[in-house]
Amino acid sequence: MILFGHRFLASEHFYHVENIYCIPKTPSNSTLFLNFDENNLDIIDHLFTNSIKFALHVKNIKELIYAHTMGASYIIVESKLAEDAQKVANDYLFDAKILVHIDDEEEIEDLALLGVDGVIFAKAIIKICS
C-alpha cells in the first residue's frame, strides 16, 4: 500500500493546479493534481500531451473510467467509492493507482483489507496559484 502525506513517512507531494498557467510554477517532474471536471479538460489534455504525471480526483465510476482513459497516473476517490473503484481498476488492468483521500490514519487498515492501492492525506497536496 502506498501512503502519501502520512505524518511518519516522507513522500512525494502532489501540486494542485487550477489552470494551465499554474503548471510552470510547480517543481519539475512533480505530480500535478486536479479535480475531474469538464472545465479542466484542456488542462488534462495538456498534461497528457506533454507527458506530465498527474492525479485526478473523481466522484464516481464513470469519472474513474474517464480518468484512466485520459492517462492519469493516480486516481483519487473518497472512502465510500474505494472498494468499487479498486475492483474496476483491477478488472480492467488500470495502469493508474487508486488512492483514497483520508483524514484519519485509522482508515488505513480497512482500506488495506479492501486491497486499495494507497491513501493520500490532505498534507500531501500543495495548492499552487490559489
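Tabulated results
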read-out: Residue selected from the range 1-37 under the condition hydrophobic (A, V, I, L, M, F, W, C) and free of Cβ contacts under 8 Å to residues at least 40 places away in the same chain, by the criterion nearest to residue 65 (Cα to Cα); value: 36
read-out: Every residue from the range 8-20 that is part of a loop (DSSP other than H, G, I, E, B) and in contact with a strand residue (DSSP E or B) (Cβ under 8 Å, 6 or more places away or on another chain); value: 9, 11, 12, 13, 17, 18
read-out: Residue, surrounded by the fewest Cβ atoms within 10 Å (Cβ to Cβ), within the range 83-102, restricted to residues that are in a helix (DSSP H, G or I) and of a type in the set (Asp, Glu); value: 91
read-out: Positions within the range 61-82 being among the aliphatic types (A, V, I, L, M), assigned to a helix (DSSP H, G or I) and more than 14 Å from residue 2 (Cβ to Cβ), in sequence order; value: 61, 64, 65, 67, 81
read-out: Residues within the range 27-46 that are more than 14 Å from the chain's Cα centre (by Cα) and of a type outside the set (D, E, K, R), tallied; value: 8
read-out: Qualifying positions in the range 67-82 - under 24 Å from residue 104 (Cα atoms) and buried (at least 23 other Cβ atoms within 10 Å of the Cβ); value: 75, 76, 77, 82
read-out: Matching residues, the range 46-60, being crowded, with 19+ Cβ neighbours inside 10 Å and either among the charged types (D, E, K, R) or assigned to a helix (DSSP H, G or I) (or both); value: 47
read-out: Residues of the range 21-45 that turn out to be surrounded by 14 or more Cβ atoms within 10 Å (Cβ to Cβ), touching a helix residue (DSSP H, G or I) at 6+ places or on another chain (Cβ under 8 Å) and not in a loop (DSSP other than H, G, I, E, B), as a count; value: 4
read-out: Residue list for the range 115-128, filter: touching a strand residue (DSSP E or B) at 6+ places or on another chain (Cβ under 9 Å) and either under 10 Å from residue 3 (Cα atoms) or part of a loop (DSSP other than H, G, I, E, B) (or both); value: 116, 117, 118, 119, 120, 121, 124, 128
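Taken together, the values in this text are just the output of simple stated rules run on the coordinates, not laboratory data. Note that the structure is predicted; figures quoted are calculated from it, not measured. Glycine gets a Cβ as well: all are built from the backbone with ideal geometry, and neighbour counts include every protein chain shown.
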